[in-house]
Every structure is written in C-alpha cells, then in structure tokens.
Amino acid sequence: MNIWCISKYAGIPEFGTGARLFYLTKEFIKLGHAAKLFTSDSNHLVKFPETKRIYNHETIEGVSVSWIKTKKYSKTASVERVLSWLDFEAKLFRMDIKTIEKPDVVIVSSLSLFSIFFGLYLKRKFSSFLVFEVRDIWPLTMTEEGGFSRLHPLVLMLGFIETLGYKKSDLIVGTMPRLDLHVRNILGYDRPFYCSPLGFDPSKYNDTKQLSSEFDEFFPEDKVVIGYAGSMGITNSLGAFIDAIGLLKDNDKIHFMLVGGGDFKSKYEEQLKHCNNVTFLPKIGQEQVSVFLSKCDILYLSTQDSEIWNYGQSMNKVVEYMLAGKPIIASYTGYPSMIDEANCGEFVSAALSSEVKEVLLKYANLGRSELEKIGQRGKTWIQARRAYSRLAKEYLSKIEEIMGLQKTITDGVMKKIPKN
C-alpha cells in the first residue's frame, strides 16, 4: 500500500524530538509499504532549520518527509497558533501532489483538526481509505482544562470539524483506549474504532547507566529519591504533590527531585523554600530526562480531574516512566491503563495531599529490592507491547481488516444491482 501520514506536529528526530507518527511511518516502510510523512516546521517542541522554501522534501532515517514552512507562534494558547493551523492546511491544498504516487491510505493525525479537510479531499479525489487519528480530544480539552465556554466560537467550530471527521472517516484511531465512548457521545452511534497507543523506538533508548549526568551532584546517595519530570503548570495539577512534600519535610529518608519548567514552578519553589527535602532542577534535554528518571527510586505524575480522562490517558510521560523501570505513583482518577495492567505502581486521587503523602510513604518504606521488582514489571510490560515495530503491524492489520469489510459490503451491494 501507499500510505500518506499527515500531522502538523509530527516531530522529526533530526530536528529535536521524534514524534509517534514519524516512527510509525518508518515502520510502515520497513514492513514493505510506501509511506510518506507531511508535517509543518511550526512546532513548539521541535526546531526546524531556517529556509525560504515553503515546501521542503527530505529523506530522514529512510522516511520520505515533506515539511511545510508555516506561520510561527510563541504561545500555545493563542490566536497565532490557530492561524498557524490554517496556514498549514491552506498550503497542503496548494501543494503539488501530481508528482507523488496517489495514496491508498491517508492517516490524518491531530492536532490540528483542520487537516481532516485535506484528508477528505484526498479520499474523494483518489478513493483513498481515510483514518482520522485523535491524540488529544479537542475541543473537549479546551472546555475541560482551558476554561473555554462551550459556546465559544472556536469551540463550536472545532466541534463541527471533530464531528465531521468522526462521520466521514473510514476508521477512527485513538491513542487513548476508550475514545470510542467519546465518539458515541458525540454522534449517538458507534463507528469503526481502533486504539493505537503511544509507544517507543528501542533504538532511541540507550543504556542510561552508561551516560553521564550533569546533575549527579544533586542526588543524595542515602535517601529514597522521588522524582518528577515535566512541566509545572495548571494542567499538571501538582498542588497535592507539593503540599505532600511540605508535610514530609521532616522525613530524613526521602528526597524529592523535580525537573522542568512551567508557569507554576516559581510558585512551588517559593512554597517549599524552607524545606530541605526538595530540589528543583531546570528543564533538560530528552536524553538527559532518561538519565534523570533512571537515577530516581520512585516516579510521580498527576493530571487534572476532568472528563477527558474518562476515555483513558495518552501520555508520553507514562511511557518514559515505565521504560525507566521505576515504580510509578499517579494522581489520576480516569480510566485506568498501563500502570495497573503492568502492576508497576498505584493510582491515587490528586484531591487530597494527605492521601498522596500516605502512598508516597508506603512506597518509600519498601526495600530497594522490592522497588526494583515493581519497576521492572513496568519495563518488561511496555517493552513487550509498545515498540513501534509491533504497533505499526497491528495498526496496518486493523486498516486491512476494515478495508476488507468495506470491499465485502461493496461487492455484496453490486451483486444485488440487476443487469439491464
């Protein structure tokens, strides 16, 4: 098959961080298919090279990549970001596709939702099989975590596009396990659905024990280190964790390490400035994140309590934490997955700092051998199930299954048409 993968935010390893769709495209090619990735250089997570060309075509790690120069933005929550989405879509339609072999399958991956229009155009023009892939549930994220009114014009517009994508695509794919429930809530009926979760490329995860770390000096050798890596903003919901650190300030067996940036970081530093059991580190590169996680004894993450999580989590952080082979404490009240399946940690409500404190103490009081055993369960589980080579095979199998069903239905209808 010839597969076109389209996503504005498909990061490229050569330019910073590789994204899920890049690795899947790479694996599609390894499986003997022709596959091409279309993306944008306007991405707050990846830095593309400067160029005057609008359309840039390269082969990177064996993947044919077309990246489009589009309008830049400085803030993720801004009008400029929406205009950048529109600029990407407009340039997709103006792109010369006559010289490219027509696609049998088109995968349109959010965000931006606007890309579904180009996917529908390709479906009609080439009779392509259209996959609508959802990695973040928009506009629900805007209303649940961004504070937008359900009647906001942008929310209404994105809601219309989301519904259109669910209705007109041949297959809906979600990186969260129960997106099908959300689709049913929106449409009132079921559509063909498949969960293709986040994964990892084994070649990008080196033996962290062999890597040096510029922050080794900050890790105490005689204490249980509980670590957090990531942003410290409103959506990360770290309030109960920060309060729990304060409640444990007199515990001389535990030390907390938090690495990253975010709008609330300075607030948390001020709140805990009198605590000797916590260290804040600046944002670090992706390779160093793996090193940081490997040096901790227990890892923590949290999410807001919102409707979004009713459909399951889709967080790179969970993948990274499990690959680090450490027990995970997750302040999360949504649909459970991965951590409970692997039995490598525990879910706890983020509402009460006292509950977070008790679970932190429970794990900190376990022996190191027991902590290592729990963490290894998570690492073994994810290595066996979430390599992109395996996910790509399963993804294509589902596409072929639905395509086969469609052909069977079409053939059946054609046979019923009487001959003149």
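Laboratory data are not the source of any read-out in this text; all were calculated from the coordinates shown. This one's a predicted model, so the numbers in the text were calculated from it and none came from an experiment. Glycine gets a Cβ as well: all are built from the backbone with ideal geometry, and neighbour counts include every protein chain shown.
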Within straight-line cross-link reach of residue 72, aspartates and glutamates at Cα separation under 15 Å, skipping those fewer than 8 residues along the same chain
41, 50, 80, 87, 89
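Let's see if you can work this out: charge +1 on each Lys and Arg Cβ, -1 on each Asp and Glu Cβ, no other charges. What is the dipole magnitude of the chain about its Cα centre, in debye to the nearest 20?
On the way: 54 positive and 49 negative charges, 374 e Å.
My answer is approximately 1800 debye.
Below 8 Å between Cα atoms, with a sequence gap of 6+, how large is the relative contact order for the chain in percent? Could you put the intermediate results ahead of the total?
Working: 741 pairs, mean separation 51.9, N = 420.
So the answer I get is 12 percent.
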Along Cα→Cβ, 7 Å out, is where each label goes; now give me the distance between the ones at residue 33 and residue 127 in nm to one decimal.
1.9
Could you tally the net charge around residue 26, taking each other residue with its Cβ under 12 Å from the Cβ of residue 26, Lys/Arg +1 and Asp/Glu -1?
+1
Taking a 19 Å limit on the Cα-Cα distance, which of the listed pairs 69/125; 71/91; 30/393; 8/398 fall beyond it?
69/125; 8/398
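Considering only the other residues whose Cβ falls under 12 Å of the Cβ of residue 364, what net charge follows from Lys and Arg at +1 and Asp and Glu at -1? Write down the numbers at each step before the final one.
Details: positive: 223, 253, 357, 362, 368; negative: 252, 297, 358, 370.
After counting each charged neighbour, the total is +1.
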Where does helix 286-295 land angle-wise versus the long Cα axis of the chain, in degrees 0 to 90, nearest 10?
40
Assuming R0 = 30 Å, what is the FRET efficiency of residue 231 and residue 168, from their Cβ-Cβ distance, to the nearest 0.05?
0.30
Listed by chain and number, the lysines with an alpha carbon less than 16 angstrom from that of residue 357, same-chain partners under 8 positions apart left out, are 249, 253
Students often get this wrong: which residues of region 251-284 have the backbone nitrogen under 17 Å from the point 7 angstrom along Cα-to-C-beta of residue 222?
251-256, 276-278
Here, residue 403 and residue 347, labelled 7 Å along Cα→Cβ, have an inter-label distance in nm of 3.6
Segments 183-192, 123-132 sorted - mean Cβ within 10 Å per residue, highest first
123-132, 183-192
Can you tell me the 0 to 90 degree angle between the C-alpha axis of helix 115-126 and the longest principal axis of the chain, rounded to 10?
30
Compare the peptides 83-93, 316-326 by average per-residue count of other Cβ atoms within 10 angstrom and give them in order, highest first.
316-326, 83-93
Which net charge results when you count Lys and Arg as +1 and Asp and Glu as -1 among the other residues whose beta-carbon is under 9 Å from that of residue 123?
+2
Assuming 0.36 nm per residue, please report the length gained on full extension of the stretch residue 189 to residue 56 beyond their Cα-Cα distance.
43.8 nm
Rounded to the nearest 10, the angle in degrees between the Cα long axis of helix 388-416 and the longest principal axis of the Cα atoms of the chain comes to 30
